[in-house]
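The values are calculated or read from the model by the stated rules, or taken from the named source; none is laboratory data. Given the structure is predicted, the values throughout are model-derived calculations rather than measurements. FYI the Cβ positions are ideal-geometry reconstructions off the backbone, even for glycines, and counts take in every protein chain you see.
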Number of protein chains: 2
Amino acid sequence: MPRSGAEARSRLKQAALELYRENGFDKTTTAEIAARAGVTERTFFRHFPDKREVLFDGEADLREDLTQSVSEAPEGLAPLDILLRAFKNAGRIMERNLPFAEPRRDLIAATPTLRERNLAKAATLAEALAEALRERGVEDRLARLAAHAGWATFQHATQAWISDPTRGLDDYLDGAFADLRTLGAGVQLGQ
Amino acid sequence: MPRSGAEARSRLKQAALELYRENGFDKTTTAEIAARAGVTERTFFRHFPDKREVLFDGEADLREDLTQSVSEAPEGLAPLDILLRAFKNAGRIMERNLPFAEPRRDLIAATPTLRERNLAKAATLAEALAEALRERGVEDRLARLAAHAGWATFQHATQAWISDPTRGLDDYLDGAFADLRTLGAGVQLGQ
DNA sequence: CAGGTAGCGACAGTGACTGTCACTAGTGCG
DNA sequence: CGCACTAGTGACAGTCACTGTCGCTACCTG
């Protein structure tokens, strides 16, 4: 009874999230997920390459969004300003997903293997940002450094924002990037 | 015939590295590794929690070394300068391990699951650096930001150095941290 | 309505990892 | 010298993530 496949996929995603939260990631089997979603275990692996990936389904979209923002940024901005602008754009999406993002974040934080996958996704994303910067003419290694340092700064801001969402994410982003500049100014060369 | 266990462990490490390089990580089974090391598969898992961990055996030592450097740094240095100093110290160890580190690096780069583990180790290490900075009185979030941005910068320098080891690692570190300062100086706030 | 195809179930198989139990080579101690 | 004691191991059974394959059926397209 294949209507579009998107339904089964969506049910699998929901079932997985529920079970992971109820029993923990490690004590949840893919068979259980499939059962709750009303499909076979095999079908689970047709939709998701592995047990972790269910929780990272939106990552490609976020990456798309961010790199697009970088590409469309006005001329003459410094690399980190381009990134700051992109993060602020993406933040609007994130602000909408807060209620979904929070339990997911807890789950990831509590599960080493999910933490690994999360870091891998972050790295991929940072590399994509570096590539987008490179396409704007930023020199290779500088682009990579900017992307990674910028991403670290973004995380920095996001965490602060999640722990106290009364202020807007934009505020935290401005603050975090200001911190980064402060750090940079403190470097004494050739010590 | 247990003499100290350290021998079996060492043979397992060597056998694993060889087989990973010969046949690739994915096409190597833990049974094969154990066989080449002359022990049982079960013994492999007594020494290493999983198949990947064999390649990251020295990580705890490096972390120890770096955090110690941070703790012992003289007063009055800016956070990033403390890190730069610690990286230069650790670099001396790394320069000795270059011939071993290079194939390992290739292997990790070519194997997604090893890349994940590597990122996790890096993150743990960065967190340890942040903690060490915190103990010196650096404010919490600033310490974390400095540690992560500093670590990204360290990687930046290390990669450049590996691709052309004629110049010393210290040179690259100075250059990379200078780049970071340049980036920071370019940030225009409140754009 | 014929033919293709996408999503699925069923089944068998591999390989990473775990729990358990019994054994044995060393080690400390009287 | 002998006697527990322990750490490292082998043997074995079991779970679970993940993969390959085959055949079925609901849908779509002409």
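Structure notes:
- Some residue of region A:171-181 being out of contact with any Lys or Arg (no Cβ under 9 Å at 6 or more places or on another chain), under 22 Å from residue A:21 (Cβ atoms) and surrounded by fewer than 22 Cβ atoms within 10 Å (Cβ to Cβ): no
- Within region B:58-68, at least one residue is over 30 Å from residue A:180 (Cα atoms), of a type outside the set (S, T, N, Q) and under 24 Å from the mean Cα position of the chain (by Cα).
- Every test in (1) within 12 Å of chain B (Cβ to nearest Cβ); (2) modelled with pLDDT of 95 or more is passed by residue A:78 save one, and that test is (2).
- So residue A:38, is it within 16 Å of DNA strand D (Cβ to nearest atom), on the phi > 0 side of the Ramachandran plot and free of Cβ contacts under 8 Å to residues at least 40 places away in the same chain: yes
- Criterion applied to B:63, B:11, B:36 was being in contact with a helix residue (DSSP H, G or I) (Cβ under 7 Å, 6 or more places away or on another chain) and under 30 Å from residue B:148 (Cα atoms), and the one residue passing it is B:63.
- Here is the figure for region A:105-147: residues that are without any contact (Cβ under 8 Å) to a residue 60 or more places away in the chain, within 10 Å of chain B (Cβ to nearest Cβ) and part of a helix (DSSP H, G or I) total 11.
- Identity of the residue in region A:1-31, within 8 Å of DNA strand D (Cβ to nearest atom) and part of a helix (DSSP H, G or I), that ends up farthest from the other protein chains (Cβ to nearest Cβ): A:31
- Any hit, region A:51-59, residues being buried (at least 19 other Cβ atoms within 10 Å of the Cβ) and more than 14 Å from chain B (Cβ to nearest Cβ): yes
- Residue check for residue B:62: among the hydrophobic types (A, V, I, L, M, F, W, C), without any contact (Cβ under 8 Å) to a residue 60 or more places away in the chain, surrounded by fewer than 18 Cβ atoms within 10 Å (Cβ to Cβ) and within 25 Å of residue B:131 (Cβ to Cβ): no
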